[in-house]
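Undergrad: Dropping the structure in here first, questions after.
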Amino acid sequence: MNVSRHYTRKSQQGFTLIEALIAFAVLSFGVLGIVSLLTMSKTSQLLALQHTRAVTLSDAIIERIRANPAGLAIYNSGTDTPVGGKTIVAEPAPDCRTAGCSPDELATHDMWAWEQGLDGAAATIEGANTAGLIEPRGCIAFTAAPGLSRTGQLTVYIQWRGLTKTFDAVQDGEETCGGKDAGTDLYRRQVVVNTYVLDAADL
(Lines give C-alpha, C1' and ligand atoms only; values in the text may rest on other atoms or scores of the structure.)
Protein backbone atom coordinates (compact mmCIF):
# COMPACT_ATOMS: atom_id res chain seq x y z
CA MET A 1 0.00 0.00 0.00
CA ASN A 2 1.40 3.30 -1.07
CA VAL A 3 1.02 6.09 1.33
CA SER A 4 1.63 9.52 -0.13
CA ARG A 5 3.16 11.96 2.16
CA HIS A 6 2.87 15.66 1.58
CA TYR A 7 5.60 17.83 2.94
CA THR A 8 4.99 21.55 3.28
CA ARG A 9 7.96 23.89 3.51
CA LYS A 10 7.32 26.67 5.94
CA SER A 11 8.37 30.01 4.64
CA GLN A 12 11.24 31.48 6.66
CA GLN A 13 10.93 35.03 7.89
CA GLY A 14 13.58 37.41 9.30
CA PHE A 15 15.95 40.28 8.52
CA THR A 16 18.61 40.08 5.94
CA LEU A 17 21.97 41.76 6.58
CA ILE A 18 21.09 44.64 4.26
CA GLU A 19 17.82 45.30 6.06
CA ALA A 20 19.61 45.28 9.43
CA LEU A 21 22.19 47.78 8.15
CA ILE A 22 19.50 50.09 6.82
CA ALA A 23 17.63 49.94 10.14
CA PHE A 24 20.85 50.71 11.99
CA ALA A 25 21.58 53.70 9.73
CA VAL A 26 18.08 55.13 10.24
CA LEU A 27 18.39 54.65 14.01
CA SER A 28 21.81 56.34 14.03
CA PHE A 29 20.47 59.42 12.22
CA GLY A 30 17.63 59.62 14.71
CA VAL A 31 19.99 59.40 17.70
CA LEU A 32 22.28 62.04 16.20
CA GLY A 33 19.30 64.34 15.78
CA ILE A 34 18.30 63.86 19.42
CA VAL A 35 21.85 64.52 20.63
CA SER A 36 22.04 67.68 18.50
CA LEU A 37 18.69 68.84 19.86
CA LEU A 38 19.83 68.27 23.46
CA THR A 39 23.03 70.22 22.81
CA MET A 40 21.10 73.15 21.36
CA SER A 41 18.71 73.01 24.31
CA LYS A 42 21.55 73.15 26.85
CA THR A 43 23.17 76.06 25.00
CA SER A 44 19.92 78.02 24.88
CA GLN A 45 19.32 77.27 28.55
CA LEU A 46 22.77 78.62 29.48
CA LEU A 47 22.27 81.78 27.41
CA ALA A 48 18.90 82.43 29.07
CA LEU A 49 20.41 81.79 32.50
CA GLN A 50 23.26 84.23 31.85
CA HIS A 51 20.85 86.94 30.71
CA THR A 52 18.59 86.40 33.72
CA ARG A 53 21.59 86.55 36.05
CA ALA A 54 22.76 89.82 34.45
CA VAL A 55 19.34 91.43 34.94
CA THR A 56 19.22 90.25 38.56
CA LEU A 57 22.70 91.63 39.29
CA SER A 58 21.77 94.96 37.67
CA ASP A 59 18.70 95.29 39.86
CA ALA A 60 20.72 94.31 42.93
CA ILE A 61 23.34 97.07 42.56
CA ILE A 62 20.65 99.65 41.75
CA GLU A 63 18.87 98.84 45.01
CA ARG A 64 22.16 99.12 46.90
CA ILE A 65 22.79 102.55 45.37
CA ARG A 66 19.28 103.75 46.17
CA ALA A 67 19.81 102.67 49.77
CA ASN A 68 23.12 104.55 49.95
CA PRO A 69 22.97 107.59 47.61
CA ALA A 70 25.59 109.39 49.69
CA GLY A 71 28.16 106.91 48.32
CA LEU A 72 27.44 107.69 44.66
CA ALA A 73 30.95 108.99 44.06
CA ILE A 74 32.27 105.48 44.79
CA TYR A 75 29.60 103.64 42.80
CA ASN A 76 30.12 105.92 39.79
CA SER A 77 32.96 103.95 38.21
CA GLY A 78 32.18 105.09 34.67
CA THR A 79 32.55 102.91 31.57
CA ASP A 80 36.36 103.00 31.51
CA THR A 81 36.83 101.22 34.85
CA PRO A 82 34.76 98.02 34.86
CA VAL A 83 34.57 95.51 37.67
CA GLY A 84 34.49 91.77 37.10
CA GLY A 85 37.17 89.17 36.67
CA LYS A 86 38.66 89.70 40.16
CA THR A 87 39.58 93.36 39.69
CA ILE A 88 38.94 93.84 43.44
CA VAL A 89 41.51 91.51 44.95
CA ALA A 90 40.36 91.34 48.58
CA GLU A 91 37.25 92.12 50.56
CA PRO A 92 37.39 95.74 51.75
CA ALA A 93 37.57 96.46 55.45
CA PRO A 94 35.51 96.94 57.47
CA ASP A 95 33.00 94.23 56.65
CA CYS A 96 29.83 96.30 56.38
CA ARG A 97 27.66 93.23 56.95
CA THR A 98 28.80 93.03 60.56
CA ALA A 99 30.21 96.49 61.31
CA GLY A 100 29.05 100.07 60.99
CA CYS A 101 30.34 101.80 57.86
CA SER A 102 30.40 105.27 56.39
CA PRO A 103 28.56 105.79 53.05
CA ASP A 104 31.84 105.54 51.12
CA GLU A 105 32.91 102.40 53.00
CA LEU A 106 29.51 100.83 52.35
CA ALA A 107 29.73 101.71 48.65
CA THR A 108 33.22 100.20 48.43
CA HIS A 109 31.98 97.00 50.06
CA ASP A 110 28.91 96.94 47.80
CA MET A 111 31.12 97.13 44.70
CA TRP A 112 33.19 94.21 45.98
CA ALA A 113 30.04 92.18 46.65
CA TRP A 114 28.70 93.07 43.20
CA GLU A 115 31.86 91.84 41.55
CA GLN A 116 31.65 88.63 43.56
CA GLY A 117 28.19 88.14 42.07
CA LEU A 118 29.37 88.90 38.53
CA ASP A 119 32.22 86.42 38.89
CA GLY A 120 30.05 83.78 40.56
CA ALA A 121 32.45 83.48 43.49
CA ALA A 122 29.77 81.96 45.72
CA ALA A 123 30.08 78.61 43.91
CA THR A 124 33.47 77.17 43.01
CA ILE A 125 34.84 73.84 41.81
CA GLU A 126 38.56 73.28 42.43
CA GLY A 127 39.05 77.02 42.88
CA ALA A 128 37.24 78.01 39.67
CA ASN A 129 34.04 80.10 39.79
CA THR A 130 31.08 78.25 38.32
CA ALA A 131 27.98 80.38 38.93
CA GLY A 132 28.90 83.73 37.39
CA LEU A 133 28.84 85.26 33.95
CA ILE A 134 31.41 84.35 31.33
CA GLU A 135 34.15 87.01 31.26
CA PRO A 136 31.91 89.62 32.97
CA ARG A 137 32.36 93.38 33.03
CA GLY A 138 30.17 95.69 35.07
CA CYS A 139 30.07 99.48 34.80
CA ILE A 140 28.03 102.15 36.57
CA ALA A 141 27.62 105.64 35.14
CA PHE A 142 25.83 108.46 36.93
CA THR A 143 24.84 111.85 35.54
CA ALA A 144 23.64 114.33 38.15
CA ALA A 145 20.61 116.49 37.49
CA PRO A 146 21.32 120.24 37.05
CA GLY A 147 22.17 121.85 40.37
CA LEU A 148 22.22 118.54 42.26
CA SER A 149 25.00 116.11 43.15
CA ARG A 150 23.36 112.79 44.11
CA THR A 151 20.10 112.91 42.17
CA GLY A 152 19.99 112.08 38.50
CA GLN A 153 20.29 109.46 35.75
CA LEU A 154 21.92 106.14 36.63
CA THR A 155 22.97 103.58 34.02
CA VAL A 156 24.20 100.08 34.85
CA TYR A 157 26.03 98.11 32.15
CA ILE A 158 26.73 94.40 32.39
CA GLN A 159 28.54 92.74 29.51
CA TRP A 160 29.76 89.17 29.13
CA ARG A 161 30.90 86.68 26.51
CA GLY A 162 28.35 84.56 24.69
CA LEU A 163 28.93 81.04 23.39
CA THR A 164 28.37 81.81 19.71
CA LYS A 165 28.91 84.70 17.36
CA THR A 166 26.06 87.05 16.59
CA PHE A 167 25.62 90.80 16.10
CA ASP A 168 27.56 92.85 18.64
CA ALA A 169 25.25 93.89 21.47
CA VAL A 170 26.94 97.31 21.45
CA GLN A 171 26.42 99.26 18.24
CA ASP A 172 28.40 102.22 16.95
CA GLY A 173 27.83 105.33 19.01
CA GLU A 174 26.89 103.38 22.14
CA GLU A 175 28.96 103.04 25.30
CA THR A 176 31.05 99.94 25.93
CA CYS A 177 31.96 98.70 29.39
CA GLY A 178 35.74 98.57 29.29
CA GLY A 179 35.88 96.08 26.42
CA LYS A 180 36.46 96.20 22.68
CA ASP A 181 35.13 99.08 20.61
CA ALA A 182 31.45 99.10 19.73
CA GLY A 183 30.54 96.86 16.82
CA THR A 184 33.76 94.82 16.96
CA ASP A 185 32.97 91.97 19.39
CA LEU A 186 30.56 89.41 17.95
CA TYR A 187 30.59 87.38 21.17
CA ARG A 188 29.55 90.30 23.38
CA ARG A 189 26.24 90.13 25.22
CA GLN A 190 24.88 93.05 27.19
CA VAL A 191 22.25 94.21 29.63
CA VAL A 192 21.80 97.96 30.17
CA VAL A 193 19.45 99.28 32.84
CA ASN A 194 18.59 102.99 32.99
CA THR A 195 16.94 104.41 36.08
CA TYR A 196 16.72 107.53 38.18
CA VAL A 197 18.22 107.94 41.65
CA LEU A 198 16.73 110.41 44.07
CA ASP A 199 18.48 111.56 47.24
CA ALA A 200 16.06 113.42 49.49
CA ALA A 201 18.95 115.16 51.25
CA ASP A 202 20.06 116.55 47.89
CA LEU A 203 16.80 118.43 47.23
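Undergrad: How much of the accessible area of region 68-126, in percent, comes from carbon and sulfur atoms when a 1.4 Å probe is used?
TA: On the way: 1660 of 3050 Å².
Ligands and nucleic acids excluded, carbon and sulfur reach 54 percent.
Undergrad: Quick one: order 108, 56 from most to least accessible surface, probe 1.4 Å.
TA: Sorted by accessible area, descending: 56, 108.
Undergrad: List, in order, the whole-Hz ³J(HN,Hα) value for each residue of region 63-73 obtained from phi through the Karplus relation with A = 6.51, B = -1.76, C = 1.60 and θ = phi - 60°; use x for Gly and Pro.
TA: Taking θ as phi minus 60°, the curve returns 5, 5, 5, 4, 7, 9, x, 5, x, 4, 4 Hz for region 63-73.
Undergrad: Let me check I have the definition right: for the chain, take the eigenvalues of the Cα gyration tensor, multiply each by 5, take square roots. What are those semi-axes in whole Å, largest first? Each step should come with its number before you reach the end.
TA: Details: eigenvalues 788, 74, 39 Å².
Calculated on Cα positions only, the semi-axes equal 63, 19, 14 Å.
Undergrad: Dividing the alpha-carbon radius of gyration of region 84-203 by 2.2 N^0.38 Å (N being the number of residues), what value is obtained? Display every interim value, and only then the final one.
TA: Numbers: Rg = 16.8 Å, N = 120, 2.2 N^0.38 = 13.6 Å.
It is 1.24.
Undergrad: To the nearest 0.05, what FRET efficiency results for residue 16 and residue 187 with a Förster distance of 41 Å applied to their C-beta separation?
TA: The calculated FRET efficiency here is 0.20.
Undergrad: Another question about this same structure. Taking the alpha-carbon set of region 81-131, what are its Rg and Dmax in Å?
TA: 11.8, 36
Undergrad: Let me ask something else about it. Given R₀ = 30 Å, FRET efficiency for residue 79-residue 52 by Cβ-Cβ distance, to 0.05? Write out the running numbers ahead of the final one.
TA: Working: r = 23 Å, r/R0 = 0.77.
Taking R0 as 30 Å, the efficiency between residue 79 and residue 52 is 0.80.
Undergrad: From the phi of every residue in region 48-59, what ³J(HN,Hα) in whole Hz does the Karplus formula 6.51 cos²θ - 1.76 cosθ + 1.60 yield, where θ is phi - 60° and glycine or proline is x?
TA: Computed from phi, the couplings for region 48-59 are 5, 5, 5, 5, 4, 5, 5, 5, 4, 5, 5, 4 Hz.
Undergrad: Separate question: Could you state the accessible area per residue of the chain in Å², with a 1.4 Å probe and every protein chain left in place? Could the numbers behind the result be given before it?
TA: On the way: 13150 Å² over 203 residues.
Spelled out: the 1.4 Å probe surface of the chain, per residue, equals 65 Å².
Undergrad: Would you please give the FRET efficiency between residue 95 and residue 195, computed as 1/(1 + (r/R0)^6) with r the Cβ-Cβ distance and R0 = 25 Å, to the nearest 0.05? Walk me through the numbers before you get to the answer.
TA: On the way: r = 28 Å, r/R0 = 1.11.
My answer for the efficiency is 0.35.
Undergrad: Let me ask something else about it. What net charge is computed for the residues neighbouring residue 136, neighbours being all others with C-beta under 12 Å from the C-beta of residue 136, Lys and Arg scored +1, Asp and Glu -1? Present the calculation step by step, with values, prior to reporting the outcome.
TA: Working: positive: 53, 86, 137, 161, 188, 189; negative: 115, 119, 135.
For residues surrounding residue 136, the net value is +3.
The values are calculated or read from the model by the stated rules, or taken from the named source; none is laboratory data. What you see is a predicted model; the values in this text were computed from it and never measured. Backbone-built Cβ (ideal geometry, glycine too); neighbour counts: all protein chains shown. Note: accessible area is taken over every heavy atom of the protein model, side chains too, but ligands, DNA and RNA are not part of it. Shrake-Rupley method; radii C 1.70, N 1.55, O 1.52, S 1.80 Å.
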